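Taking it in order: structure first as structure tokens, then the write-up.
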Amino acid sequence: MKKISQHYIDGQWVESLQPGARHDIVNPATEAVIGQLQFGGKADVDSAVSAASKAFSSFSRTSLQERVDLLGAVVSEYEKRMDDLALAVSSEMGAPQRLANSAHVPLGLGHFKTAIALADQIEWQTRKGSTLISREPAGVCALITPWNWPLNQIACKLAPAFLSGCTVVLKPSEYAALSAQIIAEIMDAAGVPAGVFNLIWASGPEVGPHMSSHPLVDLVSLTGSTAAGASVARCAADGIKRVSLELGGKSPNILLEDAPFEKAVKKGVLHLMNNSGQSCNAPSRMLVPASRLAEVEALAVAALDDLTVGDPQDASTTTGPVANGRQFERVQKLIGAGIADGAKLLVGGEGRPDGCDTGYFVKPTIFSVDSNDSRIAREEIFGPVLTLIPYSDEAEAIKIANDTVYGLSGYVYAGSVERAQAVGRQLRAGQVHLNGAGADIQAPFGGFKQSGIGREWGLAGVEEFTEYQAMMGLE
């Protein structure tokens, strides 16, 4: 059993100054305890922030080439640990091993490589007459990350922070402790200067507000729930700190009348079920022409034939458990709410799938509802649960799509890219995927409305970690 008791602060592995509770690391596929994490407290946050603040004065003045070289060293060490990272992600949050190998681990690596590639593409300094406009590092950054795509969400913050010359204090989710521990080991092996990267283990509700309000923290970047984002924003407000928030979603997937329905429905269903539905940008509402609802219902159910729910270590498994017991109970509760509210249950439902008596496995579930007003159509379920919603015409489809407090992603499938784009332009969402297009880590990732503030990934992600400085009066 893996025991994690040390924080990584100022280039050293250190015991907690303020030991707190212990958290069991549970394999969600077996419910077996595979590790134990020792929480720290506010005193450990203070120590880590102090180290980051002390290191900022020197690291912020390093050359761009020095920072690119550091990122190159991180990439080199990351590549050595890819198998370890894949096993950690699979063990701690239940991702099928093949998904961990093909998506979770490569995404994290991709963000570090992208930062290196962007170094020469960014105008770090621009001369406007006698004025020099510079991008300067934002300062000491508190990073708070979740468990659902742990490597992606750590790397897409660390990489631009390092490239910009910022120092960081990372508080990863306790439900993704094994992979975060390896990330810290990678930073240490890569020779990241003392204090530039710090990691503390603690309960989010306990130390999140302290990190967000700390007088030496300049920027807070959180990926998590909308409620957590609101809490961080409130705590950061008195200090007028910069806040970057990537939060929840209830993304619409519009199938227009001329879409290739068999292909589009299958693509949408399998995309939603990827990572057991635990993606903030998952296309969890499929909007379909009312005249073709019965056809889509049949196609959606048939698409589940391509899923195999089971042991994440089995090469044939496509769908593992949800990540933890708390999430399992939430998803079960919302499935029950859908049934109680009278939604048409096409497949799945409450309880575990056949043959999965142990573990936090959820039946891949598809509902069909009459309108967008039901609870399962409005709340982020964060599990393998899809809701089909009929619409009468294109205008109503767009209205339903935008009838949500969220605005992270949108999906449109049509007979042509041009028609899909015309509808996509009317969606209030930070990203829009046309005709099955996948993710692009060069593109800005973030949302409208309650899906967040600011953007991650690519150039926009680097910009989040910089401040403009204008120096006037040059000859």
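Laboratory data are not the source of any read-out in this text; all were calculated from the coordinates shown. Treat the numbers as computed from the prediction; the structure is a model and nothing was measured. When we count neighbours, we look across all protein chains shown, and the Cβ atoms used for this are built from the backbone with ideal geometry, even at glycine.
Which residues, taken from the stretch 182-207, are in a helix (DSSP H, G or I) and out of contact with any Gly (no Cβ under 9 Å at 6 or more places or on another chain)?
From the stretch 182-207, those in a helix (DSSP H, G or I) are 182-189, 204-207; that's our starting set.
Of everything in the stretch 182-207, those that are in a helix (DSSP H, G or I) and out of contact with any Gly (no Cβ under 9 Å at 6 or more places or on another chain) turn out to be ILE182, ALA184, GLU185, ILE186, MET187, ALA189, PRO205.
Assuming ILE254 fulfils every condition listed in (1) crowded, with 19+ Cβ neighbours inside 10 Å; (2) within 24 Å of GLU456 (Cα to Cα) apart from one, which condition is it?
(2)
Looking at the stretch 277-323, which of its residues are free of Cβ contacts under 8 Å to residues at least 40 places away in the same chain, hydroxyl-bearing (Ser, Thr, Tyr) and not in a loop (DSSP other than H, G, I, E, B)?
Hit for the stretch 277-323 is SER291, nothing else.
Of all residues in the stretch 328-346, which are more than 28 Å from the chain's Cα centre (by Cα), surrounded by 16 or more Cβ atoms within 10 Å (Cβ to Cβ) and under 24 Å from GLY310 (Cβ atoms)?
LEU346 - this is the single residue of the stretch 328-346 that is more than 28 Å from the chain's Cα centre (by Cα), surrounded by 16 or more Cβ atoms within 10 Å (Cβ to Cβ) and under 24 Å from GLY310 (Cβ atoms).
Select, from ARG135, ARG98, the only residue that is over 30 Å from VAL362 (Cα atoms) and in contact (Cβ under 8 Å) with a residue 24 or more places away in the chain.
ARG135
Taking the stretch 432-475 on its own, how many of its residues are within 15 Å of the chain's Cα centre (by Cα) and acidic (Asp, Glu)?
So the answer is 2.
Taking the condition of being closer than 30 Å to ALA414 by Cβ, touching a strand residue (DSSP E or B) at 6+ places or on another chain (Cβ under 8 Å) and of a type in the set (A, V, I, L, M), how many residues in the stretch 440-459 meet it?
Within the stretch 440-459, residues that are closer than 30 Å to ALA414 by Cβ, touching a strand residue (DSSP E or B) at 6+ places or on another chain (Cβ under 8 Å) and of a type in the set (A, V, I, L, M) number 1.
Of all residues in the stretch 112-149, which are among the hydroxyl-bearing types (Ser, Thr, Tyr) and under 23 Å from ALA100 (Cα atoms)?
Kept after step one, since they are among the hydroxyl-bearing types (Ser, Thr, Tyr), are these residues of the stretch 112-149: 114, 126, 130-131, 134, 145.
Result: THR114, THR145.
Right, PRO193: without any contact (Cβ under 8 Å) to a residue 60 or more places away in the chain and farther than 23 Å from ASN402 by Cα or not?
Values: without any contact (Cβ under 8 Å) to a residue 60 or more places away in the chain: no; farther than 23 Å from ASN402 by Cα: yes.
No; evaluated as a whole, the condition is false for this residue.
Conditions first: (1) out of contact with any Cys (no Cβ under 8 Å at 6 or more places or on another chain); (2) assigned to a helix (DSSP H, G or I); (3) closer than 27 Å to GLY11 by Cβ. PHE56 passes all but one, so which condition is the exception?
Going through (1) out of contact with any Cys (no Cβ under 8 Å at 6 or more places or on another chain); (2) assigned to a helix (DSSP H, G or I); (3) closer than 27 Å to GLY11 by Cβ one by one, PHE56 breaks only (1).
What are the pairs, 6+ residues apart or on separate chains, where a residue within the stretch 420-444 that is within 26 Å of ASN152 (Cα to Cα) has its Cβ under 8 Å from a residue that is of a type in the set (D, E, K, R) and outside any loop (DSSP other than H, G, I, E, B)?
ARG428/LYS449; GLY436/LYS263; GLY436/LYS267; PRO444/GLU456
Just to be sure before I move on: is GLU350 more than 22 Å from ALA176 (Cβ to Cβ), acidic (Asp, Glu) and crowded, with 17+ Cβ neighbours inside 10 Å in the structure I sent?
On the way: more than 22 Å from ALA176 (Cβ to Cβ): yes; acidic (Asp, Glu): yes; crowded, with 17+ Cβ neighbours inside 10 Å: no.
No.
Taking the criterion of being part of a loop (DSSP other than H, G, I, E, B), surrounded by fewer than 17 Cβ atoms within 10 Å (Cβ to Cβ) and within 25 Å of the chain's Cα centre (by Cα), would at least one residue in the stretch 12-35 satisfy it?
There is at least one residue in the stretch 12-35 that is part of a loop (DSSP other than H, G, I, E, B), surrounded by fewer than 17 Cβ atoms within 10 Å (Cβ to Cβ) and within 25 Å of the chain's Cα centre (by Cα).
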